[in-house]
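These notes concern the structure reproduced below.
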Number of protein chains: 2
Amino acid sequence: MKKRKYYLSENEIPEFYYNIQADMPKMMQPPLHPATLQPIAPVDLEPLFPMELIKQEVSLERYIPVPDEVHHLYSIYRPSPLIRATELERALDTPAHIYYKYEGVSPSGSHKTNTAIAQAYYNKAEGVKKIVTETGAGQWGSALSFACNHFGLQLQVFMVKVSYFQKPYRKTYMNAMNASVVPSPSTLTVSGKKVLTDNPESPGSLGIAISEAVEIAAQNEDTRYSLGSVLNHVLLHQTIIGLEAIRQMEMAGEMPDLVIGCFGGGSNFAGLAFPFLRLNLKAGGKMRFIAVEPESCPKLTRGTFRYDFGDTAGLTPLIPMYTLGHQFVPPEIHAGGLRYHGAGAIISQLLQDKLIEATAVGQSRSFDAGLLFARTEGIIPAPESSHAIATVVAEALKAREEGISRTILFNLSGHGHYDMGAFERFLKNELPDYSISDEEIAKSLAMSEVPVN
Amino acid sequence: MKKRKYYLSENEIPEFYYNIQADMPKMMQPPLHPATLQPIAPVDLEPLFPMELIKQEVSLERYIPVPDEVHHLYSIYRPSPLIRATELERALDTPAHIYYKYEGVSPSGSHKTNTAIAQAYYNKAEGVKKIVTETGAGQWGSALSFACNHFGLQLQVFMVKVSYFQKPYRKTYMNAMNASVVPSPSTLTVSGKKVLTDNPESPGSLGIAISEAVEIAAQNEDTRYSLGSVLNHVLLHQTIIGLEAIRQMEMAGEMPDLVIGCFGGGSNFAGLAFPFLRLNLKAGGKMRFIAVEPESCPKLTRGTFRYDFGDTAGLTPLIPMYTLGHQFVPPEIHAGGLRYHGAGAIISQLLQDKLIEATAVGQSRSFDAGLLFARTEGIIPAPESSHAIATVVAEALKAREEGISRTILFNLSGHGHYDMGAFERFLKNELPDYSISDEEIAKSLAMSEVPVN
């Protein structure tokens, strides 16, 4: 019998995060202040983030310690298991070895808890009373609601409207953790009202919800903003996934040829991939790293690398990123966590430098793969994670065709128990695929011009 | 830091089930054929069950081997973790040590998968093509749908109507695993039609759904019936929970003073408790075993010990049981898995002989405890499991008052991700408590007279 599960004990939870900025062959351009077009200074970000997170954002230290209280709270669910997908391998009749790191064991059911705990801790430590955030499908808002409740912080969540109605139990989860939840675009902010004026039927997007949350945070002294992906410090916190996975792959006696993660803003992909990327850079190895985005929101595969805003209203700094334009509103796919117009600065630079690759998967192909995974491996995957699975399946079948055994590692970023409405629609053949034309992308980019390129 | 998680490796999955019938100080009375009032013969059960399960039902062997194929499929999620509830202990400021065995890691999210896999396997091995079953809240139907899909068996599920509408995503899960699901009472059976004639608004009950499933199975040659609790062989399969837990408690360096499980038909309680009960009997120890039922369905604490039918229509053998009468239709609590009028024969005998205890918990107290658990331990518990948690909390607070450190072990039988509608109602103060009067119980028992007492 093939061994399936690789556990670490809780005293093997990493004590440091890995900061890839220390090892990047080519550094990214700095974020710019939109008014001055000069690199932003830490003080510019103080209305939004606690100083420790701002420092992490620009740190060049390779290893940054996990605070004791954060480490303790991690121990309620970490280390997460590494599992060999023996039953999926069998169903695909592939010589490939498929492993997944399962982040669905966290309280809110996804990897988002890793950074939620850290961010809530740093905010608490600096006297912040309230946090405002956005959430797409709800994984991020759920994770932060758990962490804020633990540390006694208030939380207000702007949830992308289409997801708010697609996944009602996410709201219940956040309410159960004492957070308040508002569908976005809302009438609580200038940004939200503007979108609603232009399009009362707007389904919302992560970019819009970010604008709303940033606006509220900037106006209130004891309130800060918190982001669930994209930023350097968020990706940093997620690297505990990959650090654990390296030890677990060592236990399994092999290293991956392919490392795969789904891609929205980049945090689950980066969390798994970056520690392996360091190994690969050091060893001059041939590991491949594949970010999987939805065909309906293809910034990595069809976007442009340029400065852009992180939000729709243009309240954030300008960030060097692969983007579809900050005005882009993605189609209403169920993988709400992937409905973001851009990629973070680090990821964009790595893609530009060909250290990572990207591919795109359509909605029905992702659900097909998710269902196969549920039936074989016994875990209902989140629609986001199902995008990674679709690419894993394709690579495993390619290995079969070529008669080559490859070792594939992917991040099962979360479970899909709150997404059964989407599976219901898929089973009834009611889930459409969406294609985005080159013209739509060009139009969005033109609408999203910023003062610098 | 207190150690939280105790893992076993997959080669430590038990290779034998533990059969408590080999060790019972006093044997229960036999099930009777309702027509002859004579003990039923194996042949009487052949229209309903494969022969191996019938043999297990009456076996006096202490250990019964787990078939290889079943053992292999267990390995996708077993051994399940034993977790020390350090964060709950801290919140309760209790000297008690609280441990839980977490069965929510199984494919369908509850302990039910343990017997589902075994039953599907034995049916497949004897050439059965189709299985019919009932389900309450949907955990059992989900578990069996996963197992039947794996072994290529068709499955038809009668789902108690009130749960069918309370937990719509359970149906989706079963459909995703290729099972068909019908709300019960239905018009597909004589039993269902009779109930609907008497009360078109009937919310359904496990007893009614069992009648419907048994009726269909009995009429079709290649079809068998499958039950998710109550019967001896079902409890037998669940003992892998307790067998694993003994090894894990040994790793933790202590044995429980109290073993606690929620109680519907008895399978999760028995699965955890029986292996410990054997240790306790052998050692003449003082472990206590507490079954926790809902106040609205109090067969153990307020029912009568006598022969009764396992189903509403009176199609099953007569079983010696604690019962509220097979005509009893419990109030519409969300813990649908506990809405059963009776207890299995083994459990009933053990309660009669004072080897186990029982207590009852109201709906709002169970949700209070469940929410505390979710906020501290980071796992949303099923409403059923929340009944066990409520009793754990009470015992932990008692330990604090008495200044005594006790070791408490309970079965977290499943997660509550499909029950968020119930948490939503609870947060809005819309979940009622139900009390059952002595008159109601007396009336139900009088309506449920059987030819023998």
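State yes or no: is A:LEU431 closer than 19 Å to A:PRO294 by Cβ and surrounded by fewer than 23 Cβ atoms within 10 Å (Cβ to Cβ)?
Working: closer than 19 Å to A:PRO294 by Cβ: yes; surrounded by fewer than 23 Cβ atoms within 10 Å (Cβ to Cβ): yes.
The answer is yes for A:LEU431.
Looking across the stretch A:206-241, the residues that are over 26 Å from A:SER163 (Cα atoms) and open to solvent by less than 10 Å² (accessible area, probe 1.4 Å) come down to A:LEU236, A:THR239, A:ILE240, A:ILE241. For first residues located in the stretch A:289-306 and hydroxyl-bearing (Ser, Thr, Tyr), partners that are open to solvent by less than 10 Å² (accessible area, probe 1.4 Å) and lie 6+ apart or on another chain with Cβ distances below 6 Å form the pairs A:SER296/A:PRO330; A:SER296/A:ILE333.
Quick one: how many residues across the stretch B:369-389 are of a type in the set (Gly, Ala, Ser), in a helix (DSSP H, G or I) and either under 17 Å from the mean Cα position of the chain (by Cα) or farther than 30 Å from A:ALA143 by Cα (or both)?
Taking the stretch B:369-389 first, the residues of a type in the set (Gly, Ala, Ser) are B:369-370, B:374, B:378, B:382, B:385-386, B:388.
The next check asks that each one be in a helix (DSSP H, G or I); those that pass are B:369-370, B:374, B:385-386, B:388.
Keeping just the survivors that are either under 17 Å from the mean Cα position of the chain (by Cα) or farther than 30 Å from A:ALA143 by Cα (or both) gives B:385-386, B:388.
Of the residues in that region, 3 qualify.
Under the condition of being in a helix (DSSP H, G or I) and buried (at least 18 other Cβ atoms within 10 Å of the Cβ), the residues counted in the stretch B:403-422 number 5.
Put simply, of B:GLY136, B:GLY152, B:GLY141, B:GLY109 the only residue that is within 13 Å of chain A (Cβ to nearest Cβ), open to solvent by less than 10 Å² (accessible area, probe 1.4 Å) and small (Gly, Ala, Ser) is B:GLY109.
Residues that are within 14 Å of chain A (Cβ to nearest Cβ) and either in contact with a Lys or Arg (Cβ under 7 Å, 6 or more places away or on another chain) or small (Gly, Ala, Ser) (or both): does the stretch B:52-64 have at least one? Don't jump to the end; show me each part of the working.
First, the residues of the stretch B:52-64 that are within 14 Å of chain A (Cβ to nearest Cβ): none.
Scanning the stretch B:52-64, I find no residue that is within 14 Å of chain A (Cβ to nearest Cβ) and either in contact with a Lys or Arg (Cβ under 7 Å, 6 or more places away or on another chain) or small (Gly, Ala, Ser) (or both), so the answer is no.
For the stretch B:37-74, filtering for residues that are among the hydroxyl-bearing types (Ser, Thr, Tyr) and open to solvent by less than 80 Å² (accessible area, probe 1.4 Å) leaves 2. Against the list (1) assigned to a helix (DSSP H, G or I); (2) within 22 Å of A:HIS334 (Cα to Cα); (3) within 14 Å of chain B (Cβ to nearest Cβ); (4) not acidic (Asp, Glu), the condition A:VAL181 fails is (1). For the stretch B:79-106, give me each residue that is within 13 Å of another protein chain (Cβ to nearest Cβ) and either β-branched (Val, Ile, Thr) or touching an Asp or Glu at 6+ places or on another chain (Cβ under 7 Å) (or both). Across the stretch B:79-106, the qualifying residues are B:PRO79, B:SER80, B:ILE83, B:ALA85, B:THR86, B:GLU87, B:LEU88, B:VAL105.
If only residues of the stretch A:155-167 that are away from chain B (no Cβ under 13 Å) and among the polar types (S, T, N, Q) are counted, the one that is surrounded by the fewest Cβ atoms within 10 Å (Cβ to Cβ) is A:GLN156.
Taking the criterion of being modelled with pLDDT of 95 or more, outside any loop (DSSP other than H, G, I, E, B), open to solvent by 10 Å² or more (accessible area, probe 1.4 Å) and within 14 Å of chain B (Cβ to nearest Cβ), would at least one residue in the stretch A:349-368 satisfy it? Yes: the stretch A:349-368 contains one or more residues that are modelled with pLDDT of 95 or more, outside any loop (DSSP other than H, G, I, E, B), open to solvent by 10 Å² or more (accessible area, probe 1.4 Å) and within 14 Å of chain B (Cβ to nearest Cβ). For the stretch A:82-100, the count of residues that are polar (S, T, N, Q), open to solvent by less than 10 Å² (accessible area, probe 1.4 Å) and touching a helix residue (DSSP H, G or I) at 6+ places or on another chain (Cβ under 8 Å) is zero.
Out of B:ALA313, B:ALA273, I need the residue that is in contact with a helix residue (DSSP H, G or I) (Cβ under 6 Å, 6 or more places away or on another chain) and either in contact (Cβ under 8 Å) with a residue 60 or more places away in the chain or hydroxyl-bearing (Ser, Thr, Tyr) (or both). Which one? On inspection, the qualifying residue turns out to be B:ALA313.
Any residue in the stretch B:148-156 that is modelled with pLDDT of 95 or more and among the small types (Gly, Ala, Ser)?
So the first thing to find is which residues in the stretch B:148-156 are modelled with pLDDT of 95 or more, and the list is B:148-156.
Imposing the further condition that a residue be among the small types (Gly, Ala, Ser) reduces the set to B:152.
Taking every residue of the stretch B:148-156 in turn, at least one turns out to be modelled with pLDDT of 95 or more and among the small types (Gly, Ala, Ser).
Checked against (1) assigned to a loop (DSSP other than H, G, I, E, B); (2) in contact (Cβ under 8 Å) with a residue 12 or more places away in the chain, A:THR187 passes all but a single condition, namely (2).
Name the single residue, out of those in the stretch B:408-453 being within 14 Å of another protein chain (Cβ to nearest Cβ) and of a type in the set (Asp, Glu), that is nearest to B:SER142 (Cα to Cα).
So the residue we want is B:ASP419.
Okay, residues lined up against (1) over 27 Å from B:ASN11 (Cα atoms); (2) of a type outside the set (Val, Ile, Thr); (3) part of a helix (DSSP H, G or I):
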residue	(1), (2), (3)
B:VAL230	yes, no, no
B:LEU236	no, yes, yes
B:GLN248	no, yes, yes
B:MET251	no, yes, yes
B:GLU254	no, yes, no
B:ALA270	no, yes, yes
B:LEU277	no, yes, yes
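Restricting attention to the stretch B:296-337, which residues are among the small types (Gly, Ala, Ser), open to solvent by 10 Å² or more (accessible area, probe 1.4 Å) and either closer than 27 Å to B:PHE367 by Cα or touching a Pro at 6+ places or on another chain (Cβ under 7 Å) (or both)? Before you say what the answer is, go through the steps one by one.
At the first step, the residues of the stretch B:296-337 found to be among the small types (Gly, Ala, Ser) are B:296, B:303, B:310, B:313-314, B:325, B:335-337.
Checking the rest, the ones that are also open to solvent by 10 Å² or more (accessible area, probe 1.4 Å) come to B:303, B:313-314, B:337.
Within the stretch B:296-337, B:GLY303, B:GLY314, B:GLY337 meet the criteria.
Being aliphatic (A, V, I, L, M) and free of Cβ contacts under 8 Å to residues at least 60 places away in the same chain is the filter here; which residues of the stretch B:157-182 pass it? Spell out the reasoning first.
Going residue by residue through the stretch B:157-182, those that are aliphatic (A, V, I, L, M) are B:157, B:159-160, B:162, B:174, B:176-177, B:179, B:181-182.
Matches in the stretch B:157-182: B:VAL157, B:MET159, B:MET174, B:ALA176, B:MET177, B:ALA179, B:VAL181, B:VAL182.
Scanning the stretch B:423-453 for residues that are hydrophobic (A, V, I, L, M, F, W, C), more than 18 Å from B:TYR307 (Cβ to Cβ) and part of a helix (DSSP H, G or I) gives B:PHE423, B:PHE426, B:LEU427.
Residues that are buried (at least 24 other Cβ atoms within 10 Å of the Cβ) and among the hydrophobic types (A, V, I, L, M, F, W, C) do occur in the stretch A:179-192, at least one of them.
The values are calculated or read from the model by the stated rules, or taken from the named source; none is laboratory data. Given the structure is predicted, the values throughout are model-derived calculations rather than measurements. Cβ coordinates were reconstructed from backbone atoms using ideal geometry, including for glycine residues, and neighbour counts include every protein chain displayed. All accessible areas refer to the heavy atoms of the entire protein, side chains included, with ligands and DNA or RNA removed. Shrake-Rupley method; radii C 1.70, N 1.55, O 1.52, S 1.80 Å.
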